[in-house]
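K.L.:
Provided herewith is a single structure, encoded as structure tokens, for subsequent inquiry.
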Amino acid sequence: MASPYRRVLLKISGEALMGGHEYGIDPHVVDRLASEVKTVIDLGVQVCLVIGGGNIFRGVSGAAEGMDRTTADYMGMLATVINSLAVQNALERQGVETRVQSAIPMATVSEPYIRRRAVRHMDKGRVVIFAAGSGNPFFTTDTAAALRASEMECDALLKGTKVDGVYSADPHKDPSAKRYDRLGYMEVLSRDLKVMDAAAISLARENHIPILVFSIAEPGAFADIFQGRGHFTTVSDEGTSQ
């Protein structure tokens, strides 16, 4: 079955890389993620990634502890570079050519973010990992993901989470939480559903990029989306809360 998507951006949190650890990176989790990305590439889909840094440092929590918010956010951006290098290494061990492009220039370990170069890499079948968020404090990696998906002209933005879609409440805390198959951008904003932050949702809406929310913790769930199966919630212009 041919994939309905030619090019996608996968956004995962830094916490997704921790596995069962309290912090840091679980190599087994990173290897599984790399294997799933390779499976999707083998289906003929171009993939780029944005990875959070919360498993190492989270700017908002640092600011809450009394640290200057701008400094804390820059530290969080550097954490995303560490995660990006780890995933790049795992992908290349799978035989997948990968480039890390950082919004904060650090030529020793990555390329600078240059849109045209990133597009060229993807046209050649390479994975591009966008590190250091948008390069600006006060913007989340969710917003950076929506920005890069727009710049790369992606057909969809896939958000890997701990659960298999969007719920009316946290299903781990509220057993009666309702799961949605489809939602509209404005429904997500008006109901304050915790899909992505408002800036990310608005940016995806302006550029008509559907957001597919699925469980990155479920083995094979990423590839299932491109084969017409699996559980996920679609946030788009046509969404209706079913």
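K.L.:
Report the gain in length on full extension from Ala199 to Tyr23: 0.36 nm times residue separation, minus Cα-Cα distance, nm rounded to one decimal.
P.N.:
Gain in length upon complete extension: 60.6 nm.
K.L.:
Any chance you could run the full-extension gain for Ala64 through Gln94? It's 0.36 nm times the residue separation minus the Cα-Cα distance, nm to one decimal.
P.N.:
6.9 nm
K.L.:
Let me ask something else. What FRET efficiency comes out for the pair Arg120/Ala177, r = Cβ-Cβ distance, R0 = 35 Å, nearest 0.05?
P.N.:
According to the calculation, E is roughly 0.20.
K.L.:
Stretch Glu187-Asp170 to full length: gain in nm at 0.36 nm per residue minus the Cα-Cα span?
P.N.:
4.4 nm
K.L.:
Oh, and also: Return P(r) of the chain (all Cα-Cα pairs; 5 Å bins starting at 0; whole %; ordered from short to long distances).
P.N.:
Here the calculated profile for the chain is 1, 7, 14, 19, 21, 18, 12, 5, 2, 0, 0.
K.L.:
Which net charge results when you count Lys and Arg as +1 and Asp and Glu as -1 among the other residues whose beta-carbon is under 11 Å from that of Leu189?
P.N.:
-1
K.L.:
I've got another one for you. Enumerate the helices in the chain for which the Kyte-Doolittle hydropathy averages 0.0 or more and the C-alpha atoms extend at least 18 Å along the helix's axis, using complete DSSP H runs.
P.N.:
27-42, 69-93
Coordinate-derived values only; no laboratory data. Predicted, not measured: the structure shown is a model, and the values here were computed from it. Note that we place each Cβ from the backbone using ideal geometry, even for glycine, and neighbour counts take in every protein chain shown.
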